[in-house]
Amino acid sequence: MVLQNDRKTLSFDHLSELEHGACRVSGTEHHSSDASPQASRRDFLEDGSKITMLSGLVLGYGTFGYIAGRYLYPKDTSEKPWQYVARIEDFSPGESRTFESPEGVKVVITRRENTHESGEFFALSGICPHLGCQVHWQGNEKRFFCPCHNGAFDLEGNPTLGPPQKANQSLPRYPLKVVRNLLFIQV
């Protein structure tokens, strides 16, 4: 059997040799196990596609594992961030202001005296624990007052008058700090 090509003429001695992988090219014998340029390119592309697939699987499952781990084991969120309230020069002694956090928590912040320390400020919840009414600071009586049922609270948030005193319901207190003449609250 003779095969002709524009460049070379290939002749195969026997069909059985072809089945066994041996052929004769221009008088020399070659075996199909020898690497040809096309076979090496094919092997390269095959190996490259396997590596690419394996890398994709590892990255895909790794990303899934990372996301699942963050969902199953979330970060500890017990530490609340400090939020800016105002400059301390904006508060005069005895003055109070209502602060509302981004989450909607209303807090009444009051300044006692002029010492530029965080201890001169105190922050209590602006919501009465009895029925949820808005409490107001009364500087002349130094108390927080709830007009709904005449409930009153002292500077520490302890009940002193009305239904909150009977139920022993206190106003929650929030921590404050002063940094470089700026007041921050942790809500």
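The values are calculated or read from the model by the stated rules, or taken from the named source; none is laboratory data. What you see is a predicted model, and the numbers here were worked out from it, not measured in a lab. Quick reminder, even Gly has a Cβ in these numbers, built from the backbone with ideal geometry, and neighbours come from all protein chains shown.
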For segment 127-153, give me each residue that is buried (at least 16 other Cβ atoms within 10 Å of the Cβ) and either not in a strand (DSSP E or B) or not assigned by TED's automatic domain parsing to the domain that holds residue 101 (or both).
128, 129, 130, 135
Failed criterion for residue 107 (all others in (1) out of contact with any Ser or Thr (no Cβ under 9 Å at 6 or more places or on another chain); (2) within 26 Å of residue 80 (Cα to Cα); (3) surrounded by 13 or more Cβ atoms within 10 Å (Cβ to Cβ) hold)
(1)
Where residues in segment 101-123 are of a type in the set (D, E, K, R) and at pLDDT below 75, which of them is farthest from residue 138 (Cα to Cα)?
117
Matching residues in segment 120-176 - criterion: being touching a residue at least 12 places away in the same chain (Cβ under 8 Å), on the phi > 0 side of the Ramachandran plot and under 41 Å from the mean Cα position of the chain (by Cα):
157
State all residues of segment 148-182 that are within 20 Å of residue 89 (Cα to Cα), of a type in the set (A, V, I, L, M, F, W, C) and in contact with a Phe, Trp or Tyr (Cβ under 6 Å, 6 or more places away or on another chain); if no residue qualifies, say none.
176
